[in-house]
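Participant: One structure, pasted below without further comment.
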Amino acid sequence: MSTSRSLIRSFCALGLSATLAMGGATPRDVEFFGVIKAQRFDQDNPDVVRLQEGGIQMQVFVDLTFSNSVTSATLAAPNGTNVTLMLESDGFNRFFEREYDNLLGLNTDFADGTYVLTMQTVNDGTVVATFSGFAGDTYRAVPRLTAASYNAAQAHNANNALNLSWESLGGTLSDFVQLTIEDENGNSVYESPGPGDGGALNGTSTGTSIPGGTLDPGKRYEAILMVAAAPGGFNSDYPGVGGVAAYIKETHFHIFTTGGTDSEAPTLINSIPYYNQSFVPRHSSVSFEFSEPMNTSSHVGAIQWTGSGLSTFTYTWSPDGTVLYAKHNGDLPANTQIQWMFNTDVLRDVAGNFLSIDFGQFTTDSNTPDANDVEQIVIFKGQGLFQNSSTIVPTGDYVFEMTGDLTGLNTVTGGYLALPVGGVYPVNDYIGSTFDYSAEYASKTDLDRFFPSGNYSLGINAVRNGNKTINFTIPADDYPSDPTVSNLASLQALDHTGPITINWNATGLGAGDHIGLAIENEHGMEVYESDENGEILFNATSHTIPANTLSPGRKYFVRLLFGKIKVDDNTSYSGVSFIFAFGKETEFIIQTTGTAIKATLSPQQPNVLQQVEANGDKYWAYTLEASQDLSFWVPVQTLGTGSSGFLIFYDGDSQYASRRFYRIREPQPDEGYQQGFVALGGTVQALAGGAPIAGAVVSTSLDGVTTTTDSNGRFFLQTHTEANYSFTPYTVTVTKSGYATFSANQNWGDQPRGLLIQLSPP
């Protein structure tokens with residue numbers, strides 16, 4: 001069950017309490033309704049809680065008493081935003097949800113003030129509910145489990161009660177707190193009591209207990225600890241029905257139970273260097289990332305290496321047992337193709353399930369390796385701003401970020417950050433050539449709670465340089481001035497064929513402080529960065545972007561960063577630059593004139609059936625769509641261009657189709673990943689002898705679309721059903737005169753290919 005549903009369940013409980021209090025006796029068309037501003041966080045360690053990506057949300061819901069008992073529902077926000085609540089597939093809920101990257105986006109669309117929810121019901125007529133509770137972002141504190149409770153939840157004996165404690169939420173008796181636990185399929189297995197049930201948690205609560213036997217052994221669960229503040233109280237505009245407007249903060253964490261049996265084999269998720277990667281630095285190590293924690297003693301003799309000049313490898317595991325690092329004893333041989341292969345029945349997970357065989361290869365470069373495993377490390381506390389005209393406003397982006405550049409691949413295998421408030425935060429994201437750890441928040445109070453001023457210690461596990469420790473102090477706040485562009489008006493109608501100069505005020509920055517400028521397009525693709533072009537701006541007051549860097553007829557988002565450097569240490573890790581800075585970053589919009597470049601498909605190359613080429617705008621995203629009949633189109637692939645604007649799409653399904661038409665379009669910037677449609681491809685053969693069967697009709701239970709096999713018995717069935725059946729069985733049926741009908745109901749998946757279906761005589 002999704003987070004959204006957990007929020008609804010919680011407020012269903014609130015609504016029920018209000019309904020009982022109002023004495024409603026006659027069933028109404030609506031059970032509960034509400035308007036919610038929410039912030040969602042993750043706690044994946046004992047000490048730090050971080051805002052989820054897209055964790056700022058606006059949610060509106062109406063829960064129906066009877067199927068389709070509300071024919072429409074709309075919400076009018078005080079600043080003119082109007083939204084329509086869509087009917088969910090079960091017919092019992094109308095729902096609206098929108099995610100934001102920051103609080104400014106949410107409050108721009110849904111400002112403080114009066115909200116009006118209009119519900120057209122079947123039996124109760126038109127109901128108008130007015131909410132006045134949103135004012136001043138009165139969220140409670142971010143829920144955080146105590147370190148002891150978090151650790152207990154990572155290895156819990158399901159037969160015993162699980163006692164969970166959390167820090168003060170800063171709430172009141174009128175606030176509502178709920179703990180929800182869901183299994184891996186999203187089904188709720190536990191909820192703490194609702195307001196009408198007795199024993200409900202409130203804003204002053206700091207703990208609860210889950211009875212023994214509630215959870216199953218050997219399972220992973222997602223728990224959600226939520227605190228809701230409803231400053232406007234309950235809505236009484238719909239007699240007998242509860243409604244509420246509320247601010248919510250919720251923290252997600254995992255509970256792992258011990259015992260049970262695990263029969264699922266682990267899989268290799270990723271290896272770096274990636275398959276066939278070239279010019280791999282010779283002091284790199286090789287990382288293997290697995291789908292679950294592994295038996296960390298099972299790597300002995302697990303990997304077979306092939307390559308001229310190779311010596312032995314030393315192996316280390318990440319603390320959670322999901323990443324295995326293989327470090328060659330000495331630098332890797334120069335300009336050499338190196339192959340690796342897992343030996344069967346050696347690597348296994350904690351439960352003893354063996355990893356299937358896998359292999360890969362890469363080629364090293366010929367350069368002399370760097371002396372250090374790390375090039376530089378930068379840590380900063382930052383605040384986000386947005387400039388519109390001459391006005392600067394906070395975005396609600398507050399971040400603690402650590403970035404580092406490695407001199408090779410996987411040359412750091414782990415580390416930690418010791419916090420001044422106690423606790424050691426494990427930093428394990430060191431796979432590849434860089435590491436980037438960030439914790440974002442919607443308020444400065446939250447940022448300073450988890451990363452306050454004080455003494456820190458950063459530990460680095462470097463492959464060749466050994467363990468390094470950098471001690472540093474984050475002083476009291478000393479942020480730079482707000483980056484403010486002085487010629488923003490002239491940047492709204494730019495000629496992209498000429499140089500573009502951006503001017504700003506750099507008051508208060510010193511000669512050693514940092515200024516950076518980066519430009520992204522509407523798809524979030526970076527098209528320019530001053531640092532990457534070899535120019536560190538320091539205390540400059542302008543920067544010129546070269547002609548033809550941008551494209552005509554496009555809108556761009558520019559970020560101007562001021563960094564006030566407070567720690568500059570080159571000695572703790574000799575030869576490695578370590579910097580801490582306070583930063584402020586202002587985002588603003590610029591616009592080029594002219595007509596946007598349209599993408600065009602190139603003529604199909606003969607005998608290259610799976611490759612489709614196109615030309616479009618540079619640094620832009622395009623979606624290739626395909627059709628069998630020029631009426632029903634399905635997405636094949638969405639790709640981004642580079643500086644040339646050239647694209648090569650691959651359509652693996654073209655090999656199954658007798659004909660294939662293509663078109664290309666620009667996806668909307670917020671369109672995201674396209675799920676596509678269920679499609680099947682394969683061969684139909686006779687059971688006896690394996691001869692191909694032509695003219696067999698292939699269909700599914702998903703819709704009425706069918707296809708027939710060709711002279712080689714091959715088929716490609718493109719259904720018109722969206723691909724959301726990954727975990728839902730459906731029936732595939734094959735019929736042919738003179739043969740028994742084949743019909744099987746199972747989990748075929750969204751995109752099964754290479755199917756072999758055999759028909760037997762009747």
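Participant: Go through segment 131-152 and count every residue that is at pLDDT below 95 and part of a strand (DSSP E or B).
Facilitator: The qualifying residues number 4.
Participant: Now for a different question. Go over the candidates ARG559, ARG554 one by one and state the one that is buried (at least 19 other Cβ atoms within 10 Å of the Cβ) and of a type in the set (Lys, Arg).
Facilitator: ARG554
Participant: Among the numbered criteria (1) more than 25 Å from THR251 (Cα to Cα); (2) modelled with pLDDT under 95; (3) assigned to a strand (DSSP E or B); (4) of a type outside the set (Phe, Trp, Tyr), which single criterion is violated by THR118?
Facilitator: Condition (2) is where THR118 drops out.
Participant: Also, I was wondering about something else. Considering segment 342-351 alone, what residues qualify as being closer than 19 Å to ILE272 by Cβ and part of a strand (DSSP E or B)? Step through it out loud before you land on a result.
Facilitator: Start the filter on segment 342-351 by keeping residues that are closer than 19 Å to ILE272 by Cβ, which leaves 342, 347.
Answer for segment 342-351, where residues must be closer than 19 Å to ILE272 by Cβ and part of a strand (DSSP E or B): just PHE342.
Participant: Give the residue that is nearest to TYR456 (Cα to Cα), with candidates limited to residues of segment 352-380 that are outside any strand (DSSP E or B) and either open to solvent by 60 Å² or more (accessible area, probe 1.4 Å) or free of Cβ contacts under 8 Å to residues at least 24 places away in the same chain (or both).
Facilitator: Of all residues in segment 352-380, those outside any strand (DSSP E or B) come to 352-353, 355-358, 365-373.
Imposing the further condition that a residue be either open to solvent by 60 Å² or more (accessible area, probe 1.4 Å) or free of Cβ contacts under 8 Å to residues at least 24 places away in the same chain (or both) reduces the set to 356-357, 366-368, 370-371.
Details: SER356: 42, ILE357: 43, SER366: 39, ASN367: 36, THR368: 34, ASP370: 28, ALA371: 26 Å.
Looking at the filtered set, the residue picked out is ALA371.
Participant: Which of the numbered conditions does THR312 fail, given that it passes all the others? Conditions: (1) among the hydroxyl-bearing types (Ser, Thr, Tyr); (2) closer than 22 Å to ASN45 by Cα; (3) surrounded by fewer than 16 Cβ atoms within 10 Å (Cβ to Cβ).
Facilitator: The one condition THR312 does not meet is (2).
Participant: Select from segment 546-579 the residues that are of a type in the set (Lys, Arg), assigned to a strand (DSSP E or B) and in contact (Cβ under 8 Å) with a residue 60 or more places away in the chain and list them in ascending order. So that I can check it myself, show each step before the final result.
Facilitator: Keep residues of segment 546-579 that are of a type in the set (Lys, Arg), which gives 554-555, 559, 564, 566.
Applying the additional criterion that residues be assigned to a strand (DSSP E or B) yields 555, 559, 564, 566.
The answer is LYS564, LYS566.
Participant: Working carefully through the options THR700, THR709, THR735, THR721, find the one that is more than 35 Å from the chain's Cα centre (by Cα), surrounded by 15 or more Cβ atoms within 10 Å (Cβ to Cβ) and within 22 Å of ASP651 (Cβ to Cβ). It would help to see each step written out before you state the result.
Facilitator: On the way: THR700 fails: more than 35 Å from the chain's Cα centre (by Cα); THR735 fails: within 22 Å of ASP651 (Cβ to Cβ); THR721 fails: more than 35 Å from the chain's Cα centre (by Cα).
THR709 is the lone residue from the list that is more than 35 Å from the chain's Cα centre (by Cα), surrounded by 15 or more Cβ atoms within 10 Å (Cβ to Cβ) and within 22 Å of ASP651 (Cβ to Cβ).
Participant: Is it the case that some residue within segment 389-399 is assigned to a loop (DSSP other than H, G, I, E, B), at pLDDT below 90 and open to solvent by 30 Å² or more (accessible area, probe 1.4 Å)?
Facilitator: Pass one, segment 389-399, residues assigned to a loop (DSSP other than H, G, I, E, B): 389-390.
Of the ones still in play, those that are also at pLDDT below 90 are 389-390.
Remaining after also requiring open to solvent by 30 Å² or more (accessible area, probe 1.4 Å): 389-390.
Within segment 389-399, one or more residues are assigned to a loop (DSSP other than H, G, I, E, B), at pLDDT below 90 and open to solvent by 30 Å² or more (accessible area, probe 1.4 Å).
Participant: Tell me which of these TYR416 doesn't satisfy, since it passes every other one: (1) modelled with pLDDT under 90; (2) crowded, with 20+ Cβ neighbours inside 10 Å; (3) not basic (Lys, Arg).
Facilitator: Just one mismatch for TYR416, condition (2).
Participant: Something else about it: Checking GLN178 against (1) surrounded by 13 or more Cβ atoms within 10 Å (Cβ to Cβ); (2) under 30 Å from ALA351 (Cα atoms); (3) touching a helix residue (DSSP H, G or I) at 6+ places or on another chain (Cβ under 9 Å); (4) not acidic (Asp, Glu), which test does it fail?
Facilitator: The one condition GLN178 does not meet is (2).
Participant: Any residue in segment 739-762 that's farther than 14 Å from LEU717 by Cβ: show its pairings with residues that are of a type in the set (Asp, Glu) and buried (at least 16 other Cβ atoms within 10 Å of the Cβ) at Cβ separation under 7 Å, as long as the two are six or more apart or on different chains.
Facilitator: none
Participant: For segment 317-338, which positions are in contact (Cβ under 8 Å) with a residue 60 or more places away in the chain, more than 21 Å from TYR275 (Cα to Cα) and not charged (D, E, K, R)? Spell out how you get there, then give the answer.
Facilitator: Let us first name the residues in segment 317-338 that are in contact (Cβ under 8 Å) with a residue 60 or more places away in the chain, namely 318-320, 323, 325, 327.
The next check asks that each one be more than 21 Å from TYR275 (Cα to Cα); those that pass are 318-320.
Listed by number, the residues that qualify are SER318, PRO319.
Participant: Another one. Are there any pairs with C-beta distances below 8 angstrom linking a residue in segment 136-149 that is open to solvent by less than 10 Å² (accessible area, probe 1.4 Å) to a residue that is in a helix (DSSP H, G or I) and of a type outside the set (Asp, Glu), with the two at least 6 apart or on different chains, and if so which?
Facilitator: Note: pairs meeting the criteria are VAL142/ARG449; LEU145/ALA153.
Conditions (1) open to solvent by 50 Å² or more (accessible area, probe 1.4 Å); (2) in contact with a helix residue (DSSP H, G or I) (Cβ under 8 Å, 6 or more places away or on another chain), marked per residue:
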position: SER530; (1), (2): no, no
position: ASN548; (1), (2): yes, no
position: LYS566; (1), (2): yes, no
position: GLU587; (1), (2): yes, no
position: GLN591; (1), (2): yes, yes
position: THR595; (1), (2): yes, no
position: GLN610; (1), (2): yes, yes
position: SER627; (1), (2): no, no
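Participant: In segment 181-209, how many residues are open to solvent by less than 60 Å² (accessible area, probe 1.4 Å) and outside any loop (DSSP other than H, G, I, E, B)?
Facilitator: Looking only at segment 181-209, we keep the residues that are open to solvent by less than 60 Å² (accessible area, probe 1.4 Å), and these are 181-183, 186, 188-190, 192-196, 198, 200-203, 205, 207-209.
Then drop every residue that is not outside any loop (DSSP other than H, G, I, E, B), which leaves 181-182, 188-190, 201-202, 207-209.
Summing the residues that are open to solvent by less than 60 Å² (accessible area, probe 1.4 Å) and outside any loop (DSSP other than H, G, I, E, B) in segment 181-209 gives 10.
Yes/no per residue for (1) of a type outside the set (Ser, Thr, Tyr); (2) loosely packed, with under 14 Cβ neighbours inside 10 Å; (3) within 30 Å of LEU332 (Cβ to Cβ):
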residue	(1), (2), (3)
LEU406	yes, no, yes
SER433	no, no, yes
ALA439	yes, no, no
GLY459	yes, no, yes
ASN471	yes, yes, no
ASP477	yes, yes, no
ALA506	yes, no, no
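Participant: Can you tell me which residues in segment 52-98 are under 30 Å from PHE400 (Cβ atoms), in contact with a helix residue (DSSP H, G or I) (Cβ under 9 Å, 6 or more places away or on another chain) and open to solvent by 60 Å² or more (accessible area, probe 1.4 Å)?
Facilitator: GLU97, ARG98
Participant: Hey, does segment 100-108 have a residue that's closer than 24 Å to ASP175 by Cα, in a helix (DSSP H, G or I), open to solvent by 30 Å² or more (accessible area, probe 1.4 Å) and not aliphatic (A, V, I, L, M)?
Facilitator: Yes: one or more hits.
Participant: Could you go through segment 274-285 and let me know if any residue there is under 34 Å from the mean Cα position of the chain (by Cα), over 20 Å from THR364 (Cβ atoms), surrounded by fewer than 20 Cβ atoms within 10 Å (Cβ to Cβ) and of a type outside the set (Val, Ile, Thr). Write out each step before concluding.
Facilitator: Taking segment 274-285 as the starting set, the residues that turn out to be under 34 Å from the mean Cα position of the chain (by Cα) are 274-285.
Now drop any that are not over 20 Å from THR364 (Cβ atoms), which leaves none.
Checking segment 274-285: not a single residue is under 34 Å from the mean Cα position of the chain (by Cα), over 20 Å from THR364 (Cβ atoms), surrounded by fewer than 20 Cβ atoms within 10 Å (Cβ to Cβ) and of a type outside the set (Val, Ile, Thr).
Participant: Is there a residue being modelled with pLDDT of 90 or more, more than 30 Å from LYS444 (Cα to Cα) and outside any strand (DSSP E or B) anywhere in segment 599-610?
Facilitator: From segment 599-610, those modelled with pLDDT of 90 or more are 599-601; that's our starting set.
If we keep only those that are more than 30 Å from LYS444 (Cα to Cα) as well, we get 599-601.
Within this subset, residues satisfying the condition of being outside any strand (DSSP E or B) are 599.
Checking segment 599-610: at least one residue is modelled with pLDDT of 90 or more, more than 30 Å from LYS444 (Cα to Cα) and outside any strand (DSSP E or B).
Participant: All but one of (1) in contact with an Asp or Glu (Cβ under 6 Å, 6 or more places away or on another chain); (2) at pLDDT 90 or above; (3) open to solvent by 30 Å² or more (accessible area, probe 1.4 Å); (4) of a type in the set (Asp, Glu) hold for GLU292; state the number of the condition that does not hold.
Facilitator: (2)
Participant: Quick one: in segment 153-174, which of the residues that are part of a loop (DSSP other than H, G, I, E, B) and closer than 19 Å to GLY218 by Cβ is most open to solvent (accessible area, probe 1.4 Å)? Break it down into steps so the answer makes sense when it comes.
Facilitator: Keep residues of segment 153-174 that are part of a loop (DSSP other than H, G, I, E, B), which gives 154-155, 157-161, 167-174.
Narrowing further to those that are closer than 19 Å to GLY218 by Cβ: 154-155, 157-161.
Details: GLN154: 55, ALA155: 67, ASN157: 66, ALA158: 5, ASN159: 120, ASN160: 82, ALA161: 53 Å².
Per the stated criteria, the residue is ASN159.
Participant: I'd like the residue in segment 640-670 that is modelled with pLDDT of 90 or more and among the aliphatic types (A, V, I, L, M) and, out of all such residues, is most open to solvent (accessible area, probe 1.4 Å).
Facilitator: ILE648
Participant: Regarding segment 298-305, can at least one residue be identified that is in a strand (DSSP E or B) and either open to solvent by 60 Å² or more (accessible area, probe 1.4 Å) or farther than 26 Å from GLY466 by Cα (or both)?
Facilitator: Narrowing segment 298-305 to residues in a strand (DSSP E or B): 303-305.
Subset that is either open to solvent by 60 Å² or more (accessible area, probe 1.4 Å) or farther than 26 Å from GLY466 by Cα (or both): 304.
Yes: segment 298-305 contains one or more residues that are in a strand (DSSP E or B) and either open to solvent by 60 Å² or more (accessible area, probe 1.4 Å) or farther than 26 Å from GLY466 by Cα (or both).
Participant: When the residues of segment 611-645 are narrowed to those that are among the hydroxyl-bearing types (Ser, Thr, Tyr) and over 15 Å from ARG665 (Cβ atoms), which ends up nearest to the chain's Cα centre (by Cα)? Give the steps one after another, and end with the answer.
Facilitator: Initially, segment 611-645 is screened for residues among the hydroxyl-bearing types (Ser, Thr, Tyr), giving 619, 622-623, 627, 631, 638, 641, 643-644.
Still in the running and over 15 Å from ARG665 (Cβ atoms): 619, 631, 643-644.
Working: TYR619: 22, SER631: 33, SER643: 26, SER644: 29 Å.
The selected residue is TYR619.
The values are calculated or read from the model by the stated rules, or taken from the named source; none is laboratory data. Not measured: the values here are computed from a predicted model. All Cβ positions, even for glycine, are placed from backbone atoms using ideal geometry, and neighbour counts span all protein chains on display. Note: areas computed on protein heavy atoms with side chains; ligands, DNA, RNA excluded. Shrake-Rupley method; radii C 1.70, N 1.55, O 1.52, S 1.80 Å.
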